[in-house]
Amino acid sequence: MEGYVEKIKSLIPYSGFGKCSLKGIFVIIDGLGDVPCRLLNGMTPLEAAETPNLDFFATRGQLGYMYPVKQGFIPESDEALLSIFGNDISLSSRGQLEARGIGLKLTRGDLAFRVNFATVVSETGEIHDRRAGRTLSTSEAEALADSIRKIKMPFPFEFVPTKQHNAVLVFRGGFSEDITGNDATYIQGKTNIHDKIRRFKPLDDTENSQYTCNVLNEFIERVHELLENHPINMERMRKGLLPANYLLLRGPGIEMPKLKLYRKWVSAAYTPLEVGFSKVSGMETLNFDYPKLTDFDSYSNSYEALRRACKFAMNIIRSYSRKHEYVYLHIKETDLPGHDNKPIEKKLMLEYLDSTIFYFLRKFVPPNGIKLVVTGDHSTPCKNKGHSANPVPVLFYNNSLIRERGFSEKEARRGSLGKIMGKELLEKVGFVK
């Protein structure tokens, strides 16, 4: 990785960026917030990481701490993103955003879900691993998806694998979204719970909601039966890998999301949720193909994605700095170590970001008079192995007098920006639409 960092640095000009129209750059580091870790001698990954470039911005700006939705609320990624950009979280769904993010055309009544390939113990119904061990290769996911698409239902549906263990499911027709998902992990107030298979249930008394649950329950049972004995899963178990023998669905939605428009922005997000959000928000949306997982090493795959994301973001900033007033960058990979209780990996990823994208921004932002905001969409403490209600640190660089110290959760709590609610952030830092 060090050689790659040096190569990146050699590509970054120190001057000669030309005329720049940018007023602000907004960077979301997914799952940034954390709590003290024993492996890091009682520090958080952000505190333990060597981040001289982030610290440069922190000491010449202001720090604060933010509750992405509201205090005491454990946000899902879509809820946090919606709230931070000033939206009512009830006016959108994750399924709709992810389906739009991969380019599916939806009409009202098409029911969209975010999907995880998962591992369940068939005899007990226990969910053993929500992500099939993070080892599901791209070719395996595509082969399983091909088989799932052959299931006959009394209506058309689409099933599209996206990255690693993730997928999107759309039932075409006049369905109800007033239903539960079957992924109990994301019930508000509970996170990372070990649960058993749950059936879909209606949230109202309408006939359509009951019908929607009936067909979903039938579909999932048929998928499980198909996957349980699929040759791909037989081979995975022979290799000592967890089978991807179940689908967990969440974020049901039939309505077009109703979001605030940000037409002066360009987005360099690259995973389905963030791409879909950017498109619906009216941003010019650019992305790259996520690298395929080929060797069962999800972290090697994630580091490759991180490398591509940093290079891609720098190119977008350089290329679109005359055309737009604001840039939205979303770095996804830092969330994974939190879910997997790998604080050292999270620290290393933060150091990589500092030595690439924030090194570049240190050369680009000050001479062009650009404001910079860096924060997280939610906290994903490693010891929780899931999202938490903890606030996320906020860094607002505005080339002010030195008043803050380095960028970390602890320093953010002491910062001059103080406590912020997600919906207040962009207005507080002066980032207009």
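A helix-only calculation puts the chain at -10000 deg cm²/dmol for mean residue ellipticity at 222 nm, using -39500 (n - 2.57) for each DSSP H run of at least four residues, averaged over all residues.
Can you compute the FRET efficiency between GLN210 and GLU126 using 1/(1 + (r/R0)^6), with r the Cβ-Cβ distance and R0 = 30 Å? Round to the nearest 0.05. That pair, GLN210 with GLU126, gives E of 0.65. Sorted from greatest to least, the principal axis extents spanned by the alpha carbons of the chain come out as 63, 44, 38 Å. Which one, MET349, MET234, MET43, has the greatest fluctuation when you compute a Gaussian network model over the chain with C-alpha springs under 10 angstrom? Its mean-square fluctuation being the largest, the pick is MET234.
Label sites at ARG172 and ARG238, each approximated as a point 7 angstrom past Cα along Cα to Cβ, lie 3.6 nm apart.
Listed peptides 401-414, 364-377 appear in the order 364-377, 401-414 once ranked by packing, highest mean of other Cβ atoms within 10 Å at the front. Please list, in order, the residues from the range 371-404 whose amide nitrogen is less than 19 Å from a point placed 7 Å along the Cα→Cβ vector of ASN41. Within reach of a label on ASN41: no residues. Counting other C-beta atoms within 10 Å, and keeping those with at most 14, which DSSP coil trypsin sites (Lys or Arg not before Pro) do you find in the range 130-166? Answer by residue number: ARG149, LYS150, LYS152.
How high is the FRET efficiency between GLU218 and SER319 when r is their beta carbon distance and R₀ equals 51 Å, given to the nearest 0.05? For GLU218 and SER319, the calculated efficiency is 0.55. Relative contact order of the range 100-253: 33 percent, from C-alpha pairs under 8 Å at least 6 residues apart in sequence. Sorted from greatest to least, the principal axis extents spanned by the alpha carbons of the range 388-433 come out as 32, 30, 12 Å.
Among beta bridges from DSSP that stay inside the chain, the antiparallel ones total about 60%. Round to the nearest 0.05 the FRET efficiency obtained for VAL432 and LYS150 when R0 = 45 Å and r is the Cβ-Cβ distance. The formula returns an efficiency of 0.35 here. With the highest mean first, a sort of the peptides 63-76, 20-33 on other beta-carbon atoms found within 10 angstrom per residue produces 20-33, 63-76. Report the paramagnetic label zone for LYS19: residues of the range 323-346 whose backbone N is under 18 Å from a point 7 Å from Cα along the Cα-to-Cβ axis. Answer for this model: 323-326.
Every number here is computed from the coordinates shown, using simple stated rules; none is lab data. Note that the structure is predicted; figures quoted are calculated from it, not measured. Neighbour counts run over all protein chains shown; Cβ positions are idealised from the backbone, glycine included.
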